[in-house]
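Here the structure comes first, spelled out in structure tokens, and everything after it is commentary.
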Amino acid sequence: MTPPLPEATAAQLQTALDQIQELREVWPEGASALDDRVVRPLSTLLAARVGSSGPVDDLAPRLPEDPEVSGETWHESLADLAAAVSATVGDLGTLSAPPALLEAAAGLLDLDLRVRRSRGATPDDIEDRVDELRRAQGLRRAAIRVAHNGPYLIQGAAIVDHLGVPVETPPLAALCRCGRSQDQPWCDGAHDSCGFTDELHPGRVADRRDVYVGVGITVLDNRGICAHSGVCTDTLPGVFHTSSSGQPFVTPSGGRVDDIIRVVRSCPSGALSLSLRGPVHEDREIVDQDRKAQVRITRDGPYVVVGSVPLLDDAGEPVARLRGASLEHYALCRCGHSQNKPFCSGMHWYANFTDPAAPPSPSLFEWAGGYPALLRTSTFFWEKHVPQDPVLAPLFAQMPPKLSVRLASWLSEVFGGPELYTETFDDAGTHLANVVTEEQRARWVAALVAAAEEAVLPADAAFRSAFVSYLEWESRLALEAAQSESGPAEDRAVPRWGWPCDVAPHSGSAEAEVAYVDAPAAQLPAPGEPVTFADVRSLFREMDRSTMLFAFDLWSFEDVRRHADAILARVEDGSMPCDRSWSPAEIDVFRRWLEAGLPG
């Protein structure tokens, strides 16, 4: 049970409420947010001390009030309030402070940072402010408090979106739990008016660990906390079966042990775990992931928490340990309909819970599924496909640690995501080190393509064309550098790769409609006029060149001369360029250049 609120603390909070009322008058556009996120929880907390019908004004004597808030200094008053309430939280301790106080503090901190950004604060300014508030609250370790019938109160854990991109947040944040917030994922107080309750559903699947014994490996499964993401059944259907198959859910002997370990580790809910038997592991459960504390907001789904973040109930007591969930990772309900709150039970599928629509023209990074999808691909590549390849295995035997993270960060940045590689690593990449022969290069590409298939990256033509063309280009460039006297460039910047021929799926379409970009018509030589390579080069746009760079350079006289017959055949049958057909006049110009002996 949460300890009673000290009289002095109640007085401080009453003064804060009075100042917020003054702030509402001079900042009318922020009044609604202040009411929903700050005034409501604080008033409820203070009223509870004297009974639900008792007047809040009858509490302990107020502390001296600050000078009157003016229209010119309202943002400074907001900042002072955020700092004062943070200090109050620090005095009580975030693990023992009432959840309503934490909710109000989170609301003030969020509003303070939003106002600062709107007034032109730089990222460094915001970071300094976050550090100041973190010190005021005395935050020392990550934890999540689950407020009774209220939000998740996150402290000390990084928050990232469904693409793995960090979300700029205050040190204490309130995340929506009822699914009704109009400011997803942030709590806006909707739980207080929509009738949200965190009671367990009587028909929920019971918390019980089922044990499936195989040869040298035992898989444990708790259906009660399963989020039904499909990661296990989609990735390894020979081991994990759907309920309609008539088989036991798990048949441990249906796959390789290393594949099973990877799938169990990637289970977002923590329902799956395993133990190994042998001289080293005597039926001991394996929990060996070492990840930073993080909350990922999945698309149209739950919050996935990793990094052994303690999950505490309204009174600050452990939830995850009492309910049998893995402490390293678990999935929390975000739609408000789970039968096993606070854990996700997959009900978001049936409740039609959705996030706001994604941008209509996604980058390759966004279409791939962001950093989590590319990390999944990179993990399969380094942990499975490279070790089992007789050419690649000895080549990369002495590579540095965190290879999966390095390659995933590189690909994320290449495909239009944040500068994850540039900001983390200080070299030009080592994922192609030691590749010095064509066979090694080709094997590297083939292994990454196989890993992408296994990681279930998008299989549409536009994405796979871009993905493979980049791998071909990158590997051929690395091979040329390795075979040159100067060697690879040490200060090479991370390249940026886009859709081939500017063909990008529309993310809002279930069937991935295709968008094309029209090109301006080239100035063609008239019939009978001589045709030079300059005329031919003008027929190829920059997007055509970038698409074909993995094979040859369409702006290079030598390359086009060498492949002229093949290029003519491609433009005549309409397969090049890929987003439009050449006009008869353009084809005629290229044919005349070829018939004239390919003049420079």
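The values are calculated or read from the model by the stated rules, or taken from the named source; none is laboratory data. Note that the structure is a prediction, hence the values are computed from the model and not measured. Counting neighbours? That spans all protein chains shown, and the Cβs are built from the backbone with ideal geometry, glycine included. Areas reflect the complete protein model, heavy atoms only, side chains present, ligands, DNA and RNA absent. Shrake-Rupley method; radii C 1.70, N 1.55, O 1.52, S 1.80 Å.
When you look at Arg177, is it at pLDDT 95 or above, in a loop (DSSP other than H, G, I, E, B) and either more than 16 Å from Val304 (Cα to Cα) or not β-branched (Val, Ile, Thr) (or both), yes or no?
Criteria met by Arg177.
Please determine whether any residue of the range 154-167 is buried (at least 22 other Cβ atoms within 10 Å of the Cβ) and of a type in the set (Gly, Ala, Ser).
The answer is yes, given that some residue of the range 154-167 is buried (at least 22 other Cβ atoms within 10 Å of the Cβ) and of a type in the set (Gly, Ala, Ser).
I'd like to check something: does the range 564-577 contain any residue that is over 27 Å from Tyr470 (Cβ atoms), open to solvent by 30 Å² or more (accessible area, probe 1.4 Å), out of contact with any Gly (no Cβ under 9 Å at 6 or more places or on another chain) and modelled with pLDDT under 65?
No - not one qualifying residue is present in the range 564-577.
Quick check on my filter: what residues within the range 188-229 are open to solvent by less than 20 Å² (accessible area, probe 1.4 Å) and at pLDDT below 85?
Result: Gly224, single match.
Might you let me know whether the range 236-246 holds any residue that is open to solvent by 30 Å² or more (accessible area, probe 1.4 Å), touching a residue at least 40 places away in the same chain (Cβ under 8 Å) and among the polar types (S, T, N, Q)?
Taking every residue of the range 236-246 in turn, none turns out to be open to solvent by 30 Å² or more (accessible area, probe 1.4 Å), touching a residue at least 40 places away in the same chain (Cβ under 8 Å) and among the polar types (S, T, N, Q).
Within the range 1-45, can you find the residues that are without any contact (Cβ under 8 Å) to a residue 60 or more places away in the chain, in contact with a helix residue (DSSP H, G or I) (Cβ under 8 Å, 6 or more places away or on another chain), among the polar types (S, T, N, Q) and open to solvent by less than 30 Å² (accessible area, probe 1.4 Å)?
Gln14
Starting from residues that are open to solvent by less than 20 Å² (accessible area, probe 1.4 Å) and of a type in the set (S, T, N, Q), keep the ones in the range 464-489 and report whichever is farthest from Pro372 (Cα to Cα).
Ser475
Where in the range 359-463 are there helices (runs of 4 or more DSSP H), lying fully within it, with 3 or more residues that are open to solvent by less than 40 Å² (accessible area, probe 1.4 Å) and hydroxyl-bearing (Ser, Thr, Tyr)?
The helices (runs of 4 or more DSSP H) meeting that bar are 370-380, 403-414.
Looking at the range 180-202, which of its residues are in contact (Cβ under 8 Å) with a residue 12 or more places away in the chain, not acidic (Asp, Glu) and not in a strand (DSSP E or B)?
Passing the criteria: Arg180, Gln184, Pro185, Cys187, Gly189, Ala190, His191, Cys194, Phe196, Thr197, Leu200, His201.
Which ones in the range 287-309 are on the phi < 0 side of the Ramachandran plot and open to solvent by less than 50 Å² (accessible area, probe 1.4 Å)?
Ala293, Val295, Ile297, Thr298, Gly301, Pro302, Tyr303, Val304, Val305, Val306, Val309
I'd like the full set of residues that are over 16 Å from Thr377 (Cα atoms) and free of Cβ contacts under 8 Å to residues at least 40 places away in the same chain, limited to the range 395-419.
Phe396, Ala397, Gln398, Met399, Pro400, Pro401, listed by residue number.
Give the residues of the range 113-157 that are free of Cβ contacts under 8 Å to residues at least 24 places away in the same chain, outside any helix (DSSP H, G or I) and within 26 Å of Glu29 (Cα to Cα), sorted by residue number.
Selection gives Gly120, Ala121, Thr122.
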